[in-house]
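Trainee: Just passing along the structure, written as structure tokens.
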Amino acid sequence: MELLLPEIGLVVFQTIAFLLLMFVLAKFAWKPILASIKEREHTIDEALNQAELAKQEMVRLAAQNEETMKQARAERDLILKEAKTLKDSIVNEAKQQAHAEGAKLIEKARIEIENQKKAALAELKNQVSTLSIDIAERVLRGQLADKAKQQELVAGLLKDVELN
Amino acid sequence: MDCSHVFDFKVSRLIVVFTLFLAFFFVTPLLYAQEDTLKTTEAAHAEPEAEKKFNLGKFALHHVADSHSWHVFGDYTIGLPVILYTPAGLVTFNASDFHGDDDAKVVVERAGQRFVSVHDKIYYASAQANEHGAYAEHDAAGKVKNARPLDFSITKNVCTLLLSVVLLLAVFLKVANGYKVRKGKSPRGIQSWFEPLIMFVRDDIAIPNLGHKYERFMPYLLTVFFFIWFNNMLGLIPFLPGGANLTGNISITVVLATITFLLVNFNGNKYYWKHIFTPDVPWWLYIVLVPVEIIGIFTKPIALAIRLFANITAGHILVLALIGLIFVFNSVFVSFVSVPFALFIYGIELLVAFIQAFIFTILSALFIGMAVEDHH
């Protein structure tokens, strides 16, 4: 039964010692310890969240990259196609232009040739007529050098006229 | 924590050991009887000696009780300071002034007052010695009738209390320092020994019972947990720095339970008091229920105090009783059974030391939690 009776001295010492211990530990141990643990947990959570976010960001970036690549490829294809069309059209145009130019040159050459031909012909005609006149003049001069021959000629001419 | 497989294993072993132990009791008396005849023949030649019968109950109770002296080894004992508050003021002397007397035979006279020591308690001495030469009067039940001064002595338990306070301060200030030095880094050394326990108190004791209000009560819960655990362990050390049965002393557990009681009732919200005085039952049941609830306010901390005291004291008594059996049977052969068995109990005591600290703390948290709980 004596064991079950509290002793005043021990009760007083225990109360003082325990409360003192509790206040000192609360101020200098529990508070900083719990604060540090909490802070560290917070940091860990934060870091994990950050990692998760980074992972998501990476996935997003990868998707974006893929998208960009696809877009770039499509753009390249488009550009190539456009370039091809453009090239074709340029080539075609050049061809046509060359054709037209060629045709024009040929035409021009033809006209020139024609003109030259005409000019040459006219020249030739003139020359021929001059020559003819010259010849005729020389012939006539030879023939009309003496009177007899002139007579003869006139007579011949007259003879022909009479025959018609 | 799932320890059931360990427990099953232990239990089967325990049964074997216990059976052997019981069997021993049937065999020993025979050996004992033989030795007795030998002894009587020897005694016939030896000096007649006053047979001092070994009293197991007295032996065990003496060891679990508080004391004014601290036994070191053999016959060497340290006398501790005695501080008495008497009508003539404070009286101090050293317990060794009693010269080891514990039967009121040695009177110490200080400041005109005379004191004797009986069963490690100090009484005012009677004017006259009785027929046994003791300056104390006993009633029919063997209780001392003399008056007692208020005893504020630095007893064995007070020494251990101060030691444990110093130890706790040293350990946890060092732990706290670790957090300051390695701010935001992982724990190291002693810090990593105690961080899991601090986390255990926070995550498995405080938060489940107190919810978001846990932070206010953490200093008390942590202090009470480590105080009880450290002192339970110190109590298990059988020699000098330990050896005092501090947490198995009702004075200590009563103070701890009273702090829990005060915390519960000073933090109790209106729902807590409403639950006690106007519970949700038909009014005519109030006649029974309200008194029961009011008694319940007090039985909870009383149960807390007695649970801790009884568990720790019982463990100590068990070990002492097993060792004491050697002396009861006065045979060294008993030690082959009682020492291993005592060691086994000792091992269990190591677990109990932790479990009782845990139970006291979790029940405190539970009672506080019930008082501060919000009802929506």
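Trainee: Taking 25 Å as R0, compute the FRET efficiency from the Cβ-Cβ separation of B:Ile190 and B:Lys213 and round it to 0.05.
Mentor: The computed FRET efficiency comes out at 0.25.
Trainee: Can I ask one more? Can you put B:Lys105, B:Lys274, A:Lys87 in order, fewest other beta carbons within 10 Å first?
Mentor: Ordered from fewest to most neighbouring Cβ atoms within 10 Å, B:Lys105, B:Lys274, A:Lys87 come out as A:Lys87, B:Lys274, B:Lys105.
Trainee: Viscosity 1.567 mPa s, temperature 4 °C: what is the translational diffusion coefficient of the range B:77-154 from Stokes-Einstein with a Kirkwood Rh over Cα pairs, rounded to a whole number of µm²/s?
Mentor: Translational diffusion coefficient: 103 µm²/s.
Trainee: Residues with amide H under 5 Å of B:Leu150's amide H, sequence separation 5 or more or different chain, H placed in the peptide plane at 1.01 Å from N; which?
Mentor: B:Tyr85
Trainee: Within chain B, which whole H helices from DSSP have a Cα span along their axis of at least 27 Å and a mean Kyte-Doolittle hydropathy of 1.0 or more, if any?
Mentor: Once both thresholds are applied, what remains is B:156-181, B:286-329, B:335-372.
Trainee: Using only the Cα atoms, work out Rg/Rh for the protein assembly as shown, with Rh taken as the Kirkwood radius, to two decimals.
Mentor: 1.80
Trainee: Same structure, new question: Once amide H atoms are placed 1.01 Å from N in the peptide plane, what residues at a sequence separation of 5 or more from B:His119, or on another chain, have their amide H within under 5 Å of its amide H?
Mentor: Correct list: empty.
Trainee: Work out how much length A:Thr43 to A:Ile16 would gain on full extension: take 0.36 nm times their residue separation and subtract the Cα-Cα distance, in nm to one decimal.
Mentor: Stretched fully, the A:Thr43-A:Ile16 segment lengthens by 5.9 nm.
Trainee: So what's the gap between the Cα centers of the range A:77-120 and the range B:208-232, to the nearest angstrom?
Mentor: Cα centroid to Cα centroid, the span is 102 Å.
Trainee: A further question on this structure: Of B:Val106, B:Ile348, B:Phe367, which is farthest along the charge dipole of the protein assembly as shown in the positive direction, counting Lys and Arg as +1 and Asp and Glu as -1 at C-beta?
Mentor: Farthest towards the positive pole: B:Phe367.
Trainee: In addition: Using alpha carbons only, how many angstrom separate the centre of the range B:130-144 from the centre of the range B:249-275?
Mentor: The range B:130-144 and the range B:249-275 have Cα centres separated by 40 Å.
Trainee: Relative contact order for the range B:129-230 using alpha-carbon pairs under 8 Å, separation at least 6, rounded to a whole percent?
Mentor: With pairs under 8 Å counted, the relative contact order is 18 percent.
Trainee: Continuing with the same structure: 5 Å is the cut-off here: which amide hydrogens, built 1.01 Å from N in the peptide plane, fall below it relative to B:Asn94, excluding neighbours closer than 5 in sequence?
Mentor: Answer set, sorted by chain and number: B:Val82.
Trainee: How high is the relative contact order of chain B, given as a whole-number percent (alpha carbon pairs under 8 Å, six or more residues apart)?
Mentor: 17 percent
Trainee: What ranking of B:Trp70, B:Trp229, B:Trp273 emerges when the number of other C-beta atoms within 10 Å of each C-beta is taken as an exposure proxy, fewest first?
Mentor: By the 10 Å Cβ count, ascending: B:Trp273, B:Trp70, B:Trp229.
Trainee: Report the Stokes-Einstein translational diffusion coefficient (µm² s⁻¹, integer) for chain B, Rh taken as the Kirkwood radius over Cα pairs, at 4 °C with viscosity 1.567 mPa s.
Mentor: After rounding, the answer is 52 µm²/s.
Trainee: Using a cut-off of 11 Å between beta-carbons, work out the net charge of the residues near B:Ala134 (Lys and Arg +1, Asp and Glu -1, B:Ala134 not included).
Mentor: Surrounding charge for B:Ala134 is -4.
Trainee: Could you tell me the calculated FRET efficiency between B:Tyr286 and B:Ile306, based on Cβ-Cβ distance and R0 = 25 angstrom, to the nearest 0.05?
Mentor: Working from the Cβ atoms, E equals 0.30.
Trainee: Another question about this same structure. If you place +1 on the Cβ of every Lys and Arg, -1 on the Cβ of every Asp and Glu, and leave all else neutral, what size is the dipole of the range A:29-163 about its Cα centre, to the nearest 20 Debye?
Mentor: Result for the range A:29-163 is approximately 380 debye, rounded to the nearest 20.
Trainee: Oh, and also: Could you work out the local net charge near A:Gln116, counting Lys and Arg as +1, Asp and Glu as -1, over the other residues with Cβ closer than 14 Å to its Cβ?
Mentor: Charge balance near A:Gln116 sits at +1.
Trainee: On to the next question. Please state the charge dipole magnitude for the protein assembly as shown, taken about the Cα centre, from unit charges on C-beta atoms (+1 on K and R, -1 on D and E), reported in debye and rounded to the nearest 20.
Mentor: Charge dipole, the protein assembly as shown, about its Cα centre: 1940 debye, nearest 20.
Trainee: Say a site is exposed when it is one of the GluC sites (Glu not before Pro), sits in a DSSP loop, and has at most 14 other Cβ atoms within 10 Å; what is then the longest site-free stretch of chain B?
Mentor: B:138-376
Trainee: Among A:Val128, A:Leu34, A:Ala83, flag the residue with its Cα farthest along the positive direction of the charge dipole of the range A:29-163, charges on Cβ as +1 for Lys/Arg and -1 for Asp/Glu.
Mentor: Checking the options against the dipole of the range A:29-163, the answer is A:Val128.
Trainee: Where the only charges are on Cβ atoms (+1 Lys, Arg; -1 Asp, Glu), what is the dipole of chain B about its Cα centre, to the nearest 20 debye?
Mentor: Once rounded to the nearest 20, the dipole reads 1460 debye.
Trainee: Quick one: check the C-alpha center-to-center distance for the range B:175-203 versus the range B:322-360, whole angstrom.
Mentor: Taking the Cα centre of each part, the range B:175-203 and the range B:322-360 sit 34 Å apart.
Trainee: While we're here: Give me the distance in nm between label points sitting 7 Å out from Cα along the Cα-to-Cβ direction at A:Ile135 and A:Lys81, one decimal.
Mentor: 7.8 nm
Trainee: Counting only helical runs of four or more DSSP H residues, what would the 222 nm mean residue ellipticity of the protein assembly as shown come to if each run contributes -39,500 (n - 2.57) and the total is spread over all its residues?
Mentor: The helix contribution divided over the protein assembly as shown gives -24500 deg cm²/dmol.
Trainee: Hey, fewest Cβ within 10 Å first, where do B:Phe54, B:Phe266, B:Phe360 land in order?
Mentor: Placing the least packed residue first, the sequence is B:Phe266, B:Phe54, B:Phe360.
Trainee: Efficiency by 1/(1 + (r/R0)^6): what FRET value for B:Glu373 and B:Leu162, r their Cβ-Cβ distance, R0 = 41 Å, to the nearest 0.05?
Mentor: It comes out at approximately 0.65.
Trainee: Another question, if that's okay. Counting Lys +1, Arg +1, Asp -1, Glu -1, what net charge surrounds B:Lys174 among other residues with beta carbon under 13 Å of its beta carbon?
Mentor: Charge balance near B:Lys174 sits at +2.
Each value in this text was obtained by applying a stated rule to the coordinates, not by laboratory testing. Bear in mind that the values here come from a model prediction, so they are computed numbers and not experimental data. Cβ sites come from the backbone with ideal geometry, for glycine too, and all protein chains shown count toward neighbours.
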